[in-house]
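Below you'll find the structure, written out as structure tokens, and then a few comments.
The values are calculated or read from the model by the stated rules, or taken from the named source; none is laboratory data. From a predicted model like this one, the values you see are computed outputs, not experimental measurements. Please note: Cβ atoms are built from the backbone with ideal geometry, for glycine as well, and neighbour counts cover all protein chains shown. Remember, those area values only see protein heavy atoms, side chains included, never the ligands or the DNA or RNA. Shrake-Rupley method; radii C 1.70, N 1.55, O 1.52, S 1.80 Å.
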Amino acid sequence: QVQLVESGGGLVQPGGSLRLSCAASGFTFSIYAMGWYYQAPGKERELVARLSTGGTTNYADSVKGRFTISRDNAKKMLFLQMNSLKPEDTAVYYCNTFPDTGRWGQGTQVTVSS
């Protein structure tokens, strides 16, 4: 069955960086477009970034130029490099296929605060 395990979140000051990781299992990772999603308190979950099997990336306007999504198909891993973090990036971050599978991991909390 599909399993997605996110890690790498934490508390960081504005302007700082974090690298999120997602370990995927239970499906053929390499043939799926993948995405990072975030959910801020009291808000709906939204797509942050997505990466096609061919390497095409798309980002939410709010993170363009600051976040970079990447993948390692051999290790079934998805990554999100987050630079120049802002307080409004505070959220729980999830990985999933794009479109999503409907099954979600526990997410990883990112808090940007001084």
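Taking only the alpha carbons of region 55-109, what extent do you get along each of the three principal axes, in Å, biggest first?
Extents along the principal axes, in whole Å: 30, 25, 19.
Would you work out which of Val12, Gly55, Val110 lies farthest towards the positive end of the dipole of the chain, given +1 charges on the beta-carbon of Lys and Arg and -1 on that of Asp and Glu, about the Cα centre?
Final value for the positive-end residue is Gly55.
Output the antiparallel fraction of DSSP beta bridges having both residues in the chain, as a percent to the nearest 5.
Once the DSSP bridges in the chain are tallied, antiparallel ones form about 90 percent.
Can you tell me the accessible area per residue over the chain, all protein chains present, probe 1.4 angstrom, in square angstrom?
52 Å²
For a protection proxy built on the mean count of beta-carbon atoms within 10 angstrom, sort 37-49, 16-28 highest first, please.
Descending mean neighbour count gives 16-28, 37-49.
Please list, or write none, the aspartates and glutamates whose alpha carbon is within less than 17 Å of the alpha carbon of Lys75, excluding same-chain residues fewer than 8 places away.
The qualifying aspartates and glutamates are Glu6.
What is the mean projected area of the alpha carbon convex hull for region 1-57, to one decimal in square nanometres?
Quarter of the Cα hull surface area: 5.3 nm².
Please give the solvent-accessible surface of Phe98 in Å², to the nearest 10, using a probe radius of 1.4 Å with every protein chain present.
Estimated to the nearest 10 Å², Phe98 gives 70 Å².
Mind checking the alpha-carbon convex hull of the chain and giving the volume per residue in Å³?
Cα-based convex hull of the chain, divided per residue, equals 89 Å³.
If you roll a 1.4 Å probe over region 1-86 with all protein chains in place, what percent of the accessible area is carbon or sulfur?
46 percent
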